[in-house]
Amino acid sequence: MFATLKRLVSVVAMILPVSAGCTMGASKAWVEDSQVLSVSVEGLERLAVSTHNGSVKYSGIADVERMKVVVKCKGGGPDMDTAQEALDAIELISCADSDKGYKLSWKWRVTKKPEWQGEVSYEVVGPRHFALEVQTHNGAVSADDIDGECSLTTHNGAVKVKSGVSPLRVQTHNGRIEAVCCGSEVSLETHNGEIDLNASGSSKLGGRLATHNGSVSVIVGEKTSANISCSTHNGAIKWNAPAQAKSSAKSNGRKVASGTIGEGGESLVVETYNGSIKIDD
């Protein structure tokens with residue numbers, strides 16, 4: 001596996017105000033640096049991207065021989081010298097991870113000092129056929145034109161994805177989820193945020209869409225088949241898509257509705273506690 005690295009010459013230094021209640025705002029000074037990585041995709045089928053603080057963006061294209069990765073690093077501290085020290089201590093990891101897999105991540109080069117803050121974000125342009133796994137704690141995630149199996153996880157951040165026929169799994173705690181998929185297996189979960197799923201390209205649709213605080217919107221297509229069950233405690237259920245059989249009721253303080261679209265088959269569970277649910281075509 002051959003990879004080349006180019007460090008961009010621009011380094012940006014910033015003095016930021018402290019924001020009460022925000023952990024990343026504990027550092028007054030931040031220093032930025034960017035690097036560009038080029039990786040041969042010959043023999044690769046999977047990519048795993050992991051960062052604790054930072055966003056991840058993946059764009060898939062059909063015919064590509066090399067994967068382009070732009071890495072944006074930020075070091076933070078109470079002053080400029082400490083921020084630069086934190087930036088210099090960030091070590092980027094770019095290597096073959098397993099059979100036909102590649103890994104992008106980072107770690108502290110030395111023992112982290114309490115006053116250091118680090119943030120590493122990734123922008124990747126790679127093959128559409130890749131299976132993609134992304135993990136971050138604080139940061140938004142987006143993936144566009146992914147045909148392989150896709151698993152996207154963040155704790156604080158929105159997720160936006162456009163995937164093909166392979167399974168799609170998205171999980172965040174605080175953030176909105178926007179998804180377009182053509183597959184039959186989908187799992188979208190958030191605690192605080194809306195969920196928008198456009199599955200008009202799916203022929204069979206199954207899985208689970210769940211949020212605690214937020215509305216859920218599902219768009220199905222003329223050829224979509226699924227058994228859909230919906231439930232909410234505080235909100236309305238609006239079913240505008242044609243259904244062969246549909247029922248609604250109240251159960252233990254919940255509003256529930258279910259229906260069969262197309263030929264039925266797969267089960268799609270749609271749940272929220274505080275929010276409305278809409279099924280459209």
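What follows is calculated from the coordinates using simple rules that are stated; it is not laboratory data. All values derive from a computational prediction rather than experimental measurement. Neighbour counts are summed over all protein chains in view; Cβ atoms, including those assigned to glycine, are modelled from backbone coordinates with ideal geometry.
Sort 209, 104 so the one with the fewest other Cβ atoms within 10 Å of its own Cβ comes first.
Values: 209 27, 104 24.
Arranged by neighbour count, lowest to highest, 209, 104 become 104, 209.
Measuring from a point 7 Å past the Cα of residue 250 along Cα-to-C-beta, which residues in the stretch 217-233 have an amide N at less than 20 Å? Residues 230-233 qualify, since their backbone N sits under 20 Å from the label point. Computed over the alpha carbons of the chain, Rg followed by Dmax gives 21.5, 67 Å. Each Cα pair under 8 Å and six or more residues apart adds its sequence gap; the mean of these over the residue count of the chain is a relative contact order of 13 percent. In terms of overall dimensions, the C-alpha atoms belonging to the stretch 150-281 reach 37, 34, 17 Å along their principal axes, ordered largest to smallest. Computed over the stretch 28-138, the Cα gyration tensor eigenvalues convert (square root of 5λ each) into semi-axes of 29, 13, 11 Å, ordered from largest to smallest.
Helical runs assigned H by DSSP (4 residues or longer) give the chain a calculated mean residue ellipticity at 222 nm of -1000 deg cm²/dmol, each run adding -39500 (n - 2.57) before division by the residue total. Quick one: of 57/238; 204/278; 57/112; 72/162; 100/278; 28/72, which pairs are farther than 29 Å apart, Cα to Cα? Check vs 29 Å cut-off fails for 57/238; 100/278.
FRET efficiency for residue 223 and residue 61, Cβ-Cβ distance as r, R0 = 22 Å, nearest 0.05? Efficiency at R0 = 22 Å is approximately 0.20.
What you get for the stretch 146-281, charging only the Cβ of Lys and Arg (+1) and of Asp and Glu (-1), is a dipole of about 420 debye around the Cα centre. Each residue of the stretch 189-198 was assigned a 3J(HN,Hα) from its phi angle through the Karplus expression (A = 6.51, B = -1.76, C = 1.60, θ = phi - 60°), giving 9, 9, 9, 10, x, 7, 10, 10, 10, 9 Hz with x at Gly and Pro. Each Lys or Arg adds one and each Asp or Glu subtracts one; over the other residues with Cβ under 12 Å from the Cβ of residue 32, this totals 0. I need the fraction of alpha carbon pairs in the stretch 192-235 separated by more than 13 Å, rounded to a whole percent. Cα-Cα pairs of the stretch 192-235 separated by over 13 Å account for 58 percent.
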